[in-house]
1. What percent do you get for the relative contact order of segment B:214-370 when only Cα pairs under 8 Å and 6+ apart count?
2. Suppose each label sits 7 Å from its Cα in the direction of the beta carbon; what would the B:Asp62-A:Ala20 distance come out to in nanometres?
3. Can you give the relative contact order of chain B as a percent, counting alpha carbon pairs under 8 Å and 6+ residues apart?
4. Ignore the peptide's own chain and count Cβ atoms of other chains within 10 Å of each Cβ in A:54-61; give me the average, rounded.
5. Please arrange B:Ile439, A:Ile73 by how many other C-beta atoms lie within 10 Å of their C-beta, fewest to most.
6. At R0 = 30 Å, how high is the FRET efficiency between B:Asn361 and B:Asn177 if r is their beta carbon distance? Nearest 0.05 is fine.
7. Within chain B, which is the longest segment that contains none of the GluC sites (Glu not before Pro) sitting in a DSSP loop with at most 13 other Cβ atoms within 10 Å?
8. Could you check the spin-label model distance between B:Glu352 and B:Ser450? Points 7 Å from the Cα along Cα→Cβ, value in nm.
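Read-outs throughout are calculated quantities, based only on the coordinates presented, and are distinct from any laboratory measurement. As the structure is a prediction and not an experimental result, all values here were calculated from the model. No Cβ is skipped: glycine too gets one built from the backbone with ideal geometry, and neighbour counts run over all protein chains shown.
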Amino acid sequence: MAQAKNHFEVLGVPVSFTVALDALDRAYRNLQSKVHPDRFVNATEAERRVAMQLATGANEAYQTLKHPLKRAIYLLEMRDIDVRSETSITMEPAFLMQQLEWRENIEDARAARNLGRLESLHDELIAEKRVRFSHLEKLFGSGAFQPACEAARQLLFIEKLEREIGDGIEEMDVA
Amino acid sequence: MALLQISEPGESTAPHQHRLAVGIDLGTTNSLVATVRNGVAGVLNDEQGHPLLPSIVRYGADGSVETGYEAERERSHDPKNTIVSVKRFMGRGLRDIAYIENSPYDFVDTPGMVQIRTAAGVKSPVEVSAELLRVMRVRAEKSLGGELVGAVVTVPAYFDDAQRQATKDAASIAGLNVMRLLNEPTAAAIAYGLDNASEGVYAVYDLGGGTFDFSILRLSTGVFEVLATSGDAALGGDDFDHRLFCWVLEQEKLPPLSVSDTSLLLAKARQVKEYLTNHSEVRFNAKLSTGTVVDVPVSQSDFWEMTRHLVVKTLVPTRKALRDAGLLFSDVKGVVMVGGATRMPHVQRAVEGCFGQPPLNNLDPDKVVALGAAMQANALAGNKSVDEDWLLLDVIPLSLGLETMGGLVERVIHRNSTIPVSKAQEFTTFKDGQTAMSIHVVQGERELVSDCRSLARFELRGIPPMVAGAARIRVTFQVDADGLLAVSAKETTSGAEASVAVKPSYGLSDERITNMLKDSFEHAGDDLRIRALREQQVEAERMLESVGAALGQDEALLEAAELAAIRTALNGLKTLSRQSDHRAIKHAIDELNRLTEPFAARRMDRSVQQALTGKSLASL
């Protein structure tokens, strides 16, 4: 049954952290053009139910694989490594320090209502992420899954900081 | 040699027959209906040649109903019974409605959605909207010369679940088969994209009479993909009228006005606003029922100044959507302007300033939504050919979540998720031996339940007694392609299942809708039973044809026992469909649907496999 397939199988792409995004886009659109409920408006209810399930599955697979951190977490889950609840590994002290510094900078910029500063912090995080994702790709390539888990966990923190910056910008926007 | 044609599952077996389908833009200020004829989308005019129907309904004490221009003429004489901008009340409680103090209506604060007391009795906004939709349906059937197979009805992208459900209910009451609820900016993007064969990232800035929507889409060959949407469900051209109205009150130091004078000045404010689009100055003059004459000069720059904050307000959701999509203003290739309110020059200028390029105005901002909806309706009805094939991927505008301990929201589905989407979340019990759990579904972006919109509450009972924290309650959210939510819950550890379909706390009960349907048919001299029977017979016919065709092609996918069961059910349905018990027919259809679901899944799975293999072969 279709439900038992993993996200890579759903879209017919190889199981790997390295994904060609244009091929992923094409596979997703190709699949949706076969299963989307818009194709089954005049079909029987049974067919419409199946179409909704398959289109839902296609969306979930695509959204997971398109986003590099979600893709990493999913790949690790396939190996029974749960990134979010992995408590056995302690965070690298250097990363913890760096993380604290970012957080303080964001809080200061929010308190001072300094939009420009928030935006430059945002750009800084984006650049940092780019470096980290290419490192993560190497870790997956060499089969170093525990280090990959640690790297993914750090990226979770960074994405959380990114959201905090977004919230800060939004606050200033609304006021 | 003649080859036999085999249609894909789900596609019509009679592809040459043109099915009548329309797109309806149910607007705050005006409504329109459009269709595709000979490959070209066009708006259908009324008998006097008007493309627009003012979204106004007037109820008379004798039970008469007037709509459109007819109702508009009576607006200032009979403001209490003449309902304008009813879209603002759809799916809304009394507390949710902005400037309610300036509404002339006698509101009844019923749970969930307000109602209005009129000379013809208490009316729900759903019924009022249904009157407008009925006019659209009748206009379309007259001008196309036949019954519609279905309609696509547009809603603001930023409408929440309650507002969407209310719109769908209104369409059912109006006798329409809603093939899809379509987001207004997405409809505009379809009309624009198909007309201009555009590729790349486009934004749609849609300032209507009562709502503001902003969407970002990626257009590529044959696919319209919404990346992010945002907006303000209570900001539109009406607010500009209202601001001008308040300004005139201040200038003239007028005492509190009567209901009909308020209506008069608001209508005048709208005329002045529209005039100032192409003129630099005008006099705001009116004679009140008290004899007072209002006469104030208003310049374009006065008007821009007093409404500047409203224009600025639209830029907040604009930036939010860009952030959500991870894009910059400079990534946007073009900005499509939609809604009559975008005609105001200061709105145009603000958008141009933001995006660093003049916005696109080559389609009539009043008609573009209806035209896009008509194109989608034509596609859904199965009228388009393979070479003009395209696909639409839309998103849910607001996050969905559940109430957890302390009145906090646990988000289950995030805003801007592509629909259809489904997510499950596990919860557990708080006390030893707890056998029931109350589930509260909310929609919105805030942390606290009290700041979000409450969609539904239901109780899950029959949880086997266990120690606290041992039960596993799996709550599943399913959002369909209309953006509508269904929630179900079950306890998973014990194998004991308790599944509940959510009855929305805001909307109308099925019973209420049935009664409204009954009323509307009695009104039209139609018979509900005959109609129900005919509907079921049509459905049975479609089912027999479609399952028969599927068996003809793919019988081999079934086990002998499965095939026998389906054949028995088919014969049963065939017999029943010639008789007059609509409930029995419905029951047989449901049974056949249940039996053929695994068959449908196998057929579709195979077509998917072929598509994926075909693709990988091609890329070798």
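1. On the way: 165 pairs, mean separation 34.7, N = 157.
Relative contact order here is 22 percent.
2. Between B:Asp62 and A:Ala20, the simple spin-label model gives 7.4 nm.
3. Details: 1166 pairs, mean separation 80.6, N = 620.
In percent, rounded to a whole number, it is 13.
4. Rounded to a whole number, the mean comes out at 5.
5. Fewest to most other Cβ atoms nearby, the residues stand as B:Ile439, A:Ile73.
6. 0.30
7. Longest run free of exposed loop sites: B:200-446.
8. Once both label points are built, they end up 4.7 nm from each other.
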